[in-house]
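**Q** Can you read through this structure? Questions will come right after.
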Amino acid sequence: MSAMKLGVLGGMGPKATALFFEKLVEHTVAYSDQEHIDTIILNHSSIPDRTEVIQKNKKNAFLTAVQKDFNIFEQAGVDHIAIPCNTSHYFYEEMQKMTNIKIIHMVQETVNVLYDKYGEGSKIAILATDGTIQTGIYESACEDMNLIPYVPNGHTQKQIMNMIYRVKKSEEINSTELEQIIEEVVEKECCTAVILGCTELSTIPINEKFAKLTIDPLEVLVHQSIIRSNRQSTLMF
């Protein structure tokens, strides 16, 4: 099969974009430089904050910004687009209409993994930004697959948002903070698995015990990016 070219619309945030590319290289089966995926990364960090755009109904500012990126990808002959930002997928349908290049649906692919792994009726916790929670994109995707979504209470949600924006500020995060939340929703709320529904959370290293309880959409996106680029992935779900 012929190789495909990948476009990465990044910058939301930059650390998550860097981690995405690191994992893309790490998990692509390749024995030489030439066997890796040709990748064009646009680290468009000046894109408006997605949570603010949703809460203040300023979607046109976001869509206008990404249209320029899609134009660049089209001129470069990109075959697929990966966007390592969960919240931005609220605008997935509108973004897809703006380009002929197929955008990998990070949210839907994540829920597909959950369904295949745990089956109908599983209760799934969603750790994400206020914007992602407000849109209900993960809740709707879970319900469509007969999974039961769970959103943490207000206090826990504030903790999650605090962690996310501290990562964006390049502050060091104690992984115990995230691990305690994962443990709480699994043990007290009887959740089967936990979605790390913000790519900033993906950058926080957690103990393997807790990692096994989570599904990381960033890794799901990496896996889909690899296989859609006609390469083999070492990731297993």
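**Q** Among the lysines, which fall within straight-line cross-link reach of LYS58, defined as a Cα-Cα distance under 19 Å, with same-chain neighbours fewer than 8 residues apart omitted?
**A** List returned: LYS68, LYS97.
**Q** Can you list the HN-Hα couplings for region 90-102, worked out from phi with the Karplus curve (6.51, -1.76, 1.60; θ = phi - 60°), rounded to whole Hz and with x for Gly and Pro?
**A** For region 90-102, the Karplus curve yields 4, 9, 4, 4, 5, 5, 5, 5, 8, 8, 7, 7, 6 Hz.
**Q** GNM, the chain, Cα, under 10 Å: largest mean-square fluctuation among SER225, SER88, SER175?
**A** In this elastic network of the chain, the residue with the biggest mean-square fluctuation among SER225, SER88, SER175 is SER175.
**Q** As I understand it, the dipole of the chain uses +1 on the Cβ of Lys and Arg and -1 on the Cβ of Asp and Glu, about the Cα centre. Which of TYR115, PHE91, ALA61 lies farthest toward its positive end?
**A** The residue sitting farthest along the positive end of the dipole is ALA61.
**Q** Quick one: dipole size for region 107-216, taken about the Cα centre, charges +1 on Lys/Arg Cβ and -1 on Asp/Glu Cβ, in debye to the nearest 20.
**A** For this selection, approximately 200 debye.
**Q** May I ask you to compute the full-extension gain from ASN174 to LYS158, defined as 0.36 nm times their residue separation minus their alpha-carbon distance, rounded to one decimal in nm?
**A** Difference between extended and current length: 4.1 nm.
**Q** What does the charge dipole of the chain about its Cα centre add up to, to the nearest 20 debye, if the Cβ of each Lys and Arg holds +1 and the Cβ of each Asp and Glu holds -1?
**A** My answer is approximately 520 debye.
**Q** Now, a different point. Treating the angle as unsigned and between 0 and 90°, give the value, to the nearest 10°, between the Cα long axis of helix 175-187 and the longest Cα principal axis of the chain.
**A** Tilt relative to the chain: about 60 degrees.
**Q** So what is the relative contact order of region 107-216, in percent, for Cα pairs below 8 Å that sit 6 or more residues apart?
**A** 32
**Q** Which of rounded, prolate or oblate describes region 94-176 when judged by the alpha-carbon gyration tensor and an a/c cut-off of 1.5?
**A** oblate
**Q** Under 17 Å Cα to Cα from LYS56, which aspartates and glutamates show up? Leave out anything in the same chain fewer than 8 places away.
**A** Within the straight-line cut-off, LYS56 pairs with ASP130.
**Q** Moving on to the next point. Give me the extension gain from GLN55 to ILE72: residue separation times 0.36 nm, minus the current Cα-Cα distance, reported in nm with one decimal.
**A** So the chain would gain 3.3 nm between GLN55 and ILE72.
**Q** In percent, what relative contact order does region 2-86 have, based on Cα pairs under 8 Å that are 6 or more apart in sequence?
**A** That works out to 51 percent.
**Q** Lysine pairs in region 107-216 8 or more apart or on different chains: how many have alpha carbons under 16 angstrom apart?
**A** Total qualifying Lys-Lys pairs in region 107-216 comes to 4.
**Q** Please give the helix 217-228 orientation as an angle from the longest Cα principal axis of the chain, in degrees from 0 to 90, rounded to the nearest 10.
**A** So the helix axis and the longest Cα principal axis differ by about 30 degrees.
**Q** Moving on to the next point. How much mean residue ellipticity at 222 nm does the chain get from its helices, if each DSSP H run of length 4 or more adds -39500 (n - 2.57) and you divide by all residues, to the nearest 500 deg cm²/dmol?
**A** -14500 deg cm²/dmol
**Q** What GluC sites (Glu not before Pro) does region 155-201 have in DSSP loop regions with at most 10 other beta carbons within 10 Å?
**A** Answer by residue number: GLU171, GLU172.
**Q** Scan around ILE148 for amide H atoms under 5 Å from its own, H built in the peptide plane at 1.01 Å from N, and keep only partners 5 or more places away or cross-chain.
**A** GLY121, SER122, LYS123, ILE124
**Q** Name the long-range amide H neighbours of VAL8: under 5 Å, sequence gap of 5 or more, or other chain; modelled H, no Pro or chain starts.
**A** Sorted by chain and number, the residues that satisfy this are ILE40, ILE41, LEU42, ALA82.
**Q** Once the other residues with Cβ under 15 Å from the Cβ of SER45 are scored (Lys, Arg +1; Asp, Glu -1), what is the net sum?
**A** Local charge sum for SER45: +1.
**Q** Distance between the C-alpha centers of region 176-237 and region 1-55? Whole Å please.
**A** 18
**Q** Would you grab the residues whose amide H sits under 5 Å from the one on CYS191? Only those 5+ places off in sequence or on another chain, please, with H modelled 1.01 Å from N.
**A** Residues meeting the amide H criterion: VAL186.
**Q** Let me ask something additional. What residue among HIS44, HIS36, HIS155 has the largest mean-square fluctuation in a Gaussian network model of the chain, using Cα springs under 10 Å?
**A** In this elastic network of the chain, the residue with the biggest mean-square fluctuation among HIS44, HIS36, HIS155 is HIS155.
**Q** Compute the relative contact order of the chain as a whole-number percentage, counting only Cα pairs closer than 8 Å that sit 6 or more residues apart in sequence.
**A** Across the chain, relative contact order equals 27 percent.
**Q** In region 24-77, which trypsin sites (Lys or Arg not before Pro) fall in coil by DSSP and have 16 or fewer other Cβ atoms within 10 Å?
**A** Hits after loop and neighbour filter: LYS56, LYS58.
The numbers here are math on the coordinates, done by the rules we state, and not lab data. These numbers were taken from a predicted model, which means no experiment stands behind them. Methodologically, a virtual Cβ is constructed for each residue, glycine included, from the backbone with ideal geometry; neighbour enumeration extends over all protein chains shown.
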